[in-house]
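Single-structure report; data block below.
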Amino acid sequence: MDTPNISDNSNHEKTIMGHPRGLVILFLTEMWERFSYYGMRGLLVVYLTQHFLFSDEKSSLLYGAYTALVYVMTIIGGSLADRYLGARKAVTFGAILLTLGHFGMTFEGSGSKQILSYNDSQYQIALDGRGGDAKQQIITDSGKSYVTFTETDMVVAEPGVVDLPEVISRDDFFMSVETEEGYLNMLYLSLALLIAGVGFLKANISTIVGSLYGFGDARRDSGFTIFYMGINMGAFLASIFCGYLGIVHGWKYGFGLAGIGMLIGLLVFLSSQSWLEGKAEPPSMEKLKEKVFLFINVEWMCYMVGFAIIAVSMFLVMNEELVGGILGPIGIVMMLGMIGYSMLQLQGDERSRMLAAIYFILAQIPFWALFEQAGSSLNLLTARLVDREIFGWSVPGPVFQSLNAGYIFMFAPLVAWLWIWLAKRDLNPSTPIKFALGVALAGLGFLALVAGMKGAGEVGLTPVIFIFLIYWIHTMGELMVSPVGLSAVTKLAPARIVGMTMGAWFLYSGLSNFLAGIIARTTGAETIGGQMTNVAAAKAGYIEVYSQVGFIAIGISVLMLLISPVITKMMHGAD
């Protein structure tokens, strides 16, 4: 329904429920993009450990490198959109790459093989399914038998069936992995397509949301929170359906459904461009059509940069250990560049606001480094060390990632209403205080989970209620950080560099994701055939790491609270 305009954008703005109607198309596009991303994300670490038989450490670092690069490349996509492409063309190109990447993930092959060499003979160790309930079995020409591993031995359940001794010392056998290189390279190419796709889509679609609201528009925070709630509807559905299909019926079905979701998002975005009212168009169509080299114009040069991102990203995910050494210097250069721009090109309140935006870009790091354990170490812990049986059904581990999105769907409207209600009474916490509370909640969530793990004993399964609890605590923290941070950056940064600044936001989100991968790597347990071998040692490792990061996060949040008045002053009324 059309209602009178209440923003500064236009006296004849068409709205739906008080917000610009363009918010609806962006809501739906990003909802389906998140469906594809979280559908794939929920399965990725389990897929790497069980299908390609990567170690926990390698899987966690590769996952961290992938999720880091996903965000880092937004700075290139954001800058190209600001200067040449415009957000609409950038989002469309990104969505096409994402669709191709997700469908590429469906080419899985038969998977890697864990080979056990014993007495001059070779045997395959395989799982009887996918996910945390899968059990290891040894396969011989004479049959199959379940096996278990201890620190010193391998125990065969039915030695007569496979014609092997019941107990074989670890000193007497050797383990190796045979990998289908072609399908592994397809995995790397698909991840590279996804990285480039998000680079062109994510920062720019958030920028379009910000452009719908004028400076000082009281609806901005509420609009971003609604946007954030909507995209998490996609994440909620993806974690359930893609997670279920991938674990129960086959990896390719879960990844394929994610690809269908992205295709729908692309079609939705293309179908209602008029609702954006020209706010996502290129800054200059004439510049876009200028020839750069032979028949290649500026627009196609931008797309060629996208293809270069694919090549670079594929190399980096194939060599994930290099990512940290590259991202660190890039982060330093970006920070120095933003500070230099603020000091040399900006003055007065505009400079102060930009410096406040830089603070928020940095302040998100400790939160995301802990929150993003959800897709890596927490995902594996849920699958392996949690009692997942609910009403007689052993729920697949990746399905629990839907809790975050489900909680956002339930609580985001309440939080959006709360900020408005408090603002009317001059009680709304400042953005710096909200950030500090979000970091504290990230640490508190892990301490709550540690308490549940300790209560279950040395080898007992952790009650599933603690998984519900950590996701709820982290979700409430996320609502203090992510939508508020996105809103703060778009209104603090000067309009002429808002795309680049949003790219910097996602760059440091990427650095946080790589840091999350490093943290997750320290929780890695020994695995054979894709399943861990020592429950007690794995559980002790999780408890130690999660306790440390929990207390560190709470300490950081205290420091953030102490400096919050200074940051609020720097915002000069833009809070």
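The values are calculated or read from the model by the stated rules, or taken from the named source; none is laboratory data. Quick caveat, the model's predicted, so the values are computed rather than measured. Note that each Cβ is placed from the backbone with ideal geometry, even for glycine, and that neighbours are counted across all protein chains shown.
Residue-wise test of (1) without any contact (Cβ under 8 Å) to a residue 40 or more places away in the chain; (2) among the charged types (D, E, K, R); (3) more than 22 Å from LEU100 (Cα to Cα).
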| residue | (1), (2), (3) |
| --- | --- |
| ILE264 | no, no, no |
| VAL268 | no, no, no |
| LEU276 | no, no, yes |
| LYS291 | yes, yes, yes |
| TRP300 | yes, no, no |
| VAL305 | no, no, no |
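Confirm whether PRO413 is part of a helix (DSSP H, G or I), surrounded by fewer than 22 Cβ atoms within 10 Å (Cβ to Cβ) and touching a residue at least 60 places away in the same chain (Cβ under 8 Å).
Judged against the criteria, PRO413 is a match.
What about SER313, is it touching a residue at least 24 places away in the same chain (Cβ under 8 Å), among the polar types (S, T, N, Q) and assigned to a helix (DSSP H, G or I)?
Answer is yes for this residue.
Note down all Cβ pairs under 8 Å where the first residue falls in the stretch 30-46 and is closer than 12 Å to HIS102 by Cβ, the second is in a helix (DSSP H, G or I) and basic (Lys, Arg), and they're at least six residues apart or on different chains.
Within 8 Å, the pairs are GLU33/LYS202.
Would it be correct to say that LEU362 is of a type outside the set (Lys, Arg) and either in contact (Cβ under 8 Å) with a residue 60 or more places away in the chain or closer than 20 Å to VAL46 by Cβ (or both)?
Against the criterion (of a type outside the set (Lys, Arg) and either in contact (Cβ under 8 Å) with a residue 60 or more places away in the chain or closer than 20 Å to VAL46 by Cβ (or both)), LEU362 qualifies.
Listed here are the residues, each with its yes/no results for (1) assigned to a helix (DSSP H, G or I); (2) surrounded by 21 or more Cβ atoms within 10 Å (Cβ to Cβ); (3) β-branched (Val, Ile, Thr); (4) not assigned by TED's automatic domain parsing to the domain that holds TYR359.
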{"residue": "GLY485", "(1), (2), (3), (4)": "yes, yes, no, no"}
{"residue": "VAL498", "(1), (2), (3), (4)": "yes, yes, yes, no"}
{"residue": "LEU511", "(1), (2), (3), (4)": "yes, yes, no, no"}
{"residue": "PHE514", "(1), (2), (3), (4)": "yes, yes, no, no"}
{"residue": "GLN548", "(1), (2), (3), (4)": "yes, no, no, no"}
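Would you mind finding the one in VAL549, VAL498 that is modelled with pLDDT under 95 and in contact with a helix residue (DSSP H, G or I) (Cβ under 9 Å, 6 or more places away or on another chain)?
VAL498
Which residue is surrounded by the most Cβ atoms within 10 Å (Cβ to Cβ), if the candidates are limited to the stretch 516-545 and must be more than 30 Å from ILE361 (Cβ to Cβ) and of a type in the set (Val, Ile, Thr)?
THR527
So, in the stretch 11-40, exactly how many residues are touching a Phe, Trp or Tyr at 6+ places or on another chain (Cβ under 6 Å), at pLDDT 85 or above and within 14 Å of GLU277 (Cα to Cα)?
Residues meeting the conditions: 0.
Determine, yes or no, whether ALA383 is in contact (Cβ under 8 Å) with a residue 24 or more places away in the chain, within 30 Å of CYS242 (Cβ to Cβ) and buried (at least 21 other Cβ atoms within 10 Å of the Cβ).
yes
Does the stretch 259-277 hold any residues that are under 13 Å from LYS89 (Cβ atoms) and exposed (fewer than 15 other Cβ atoms within 10 Å of the Cβ), and which are they?
Across the stretch 259-277, the qualifying residue is only LEU270.
Applying the selection to the stretch 429-442, what residues are over 26 Å from the mean Cα position of the chain (by Cα) and touching a residue at least 24 places away in the same chain (Cβ under 8 Å)?
SER430
Among the residues of the stretch 286-304, count how many are part of a helix (DSSP H, G or I) and of a type in the set (Phe, Trp, Tyr).
Selection size over the stretch 286-304: 2.
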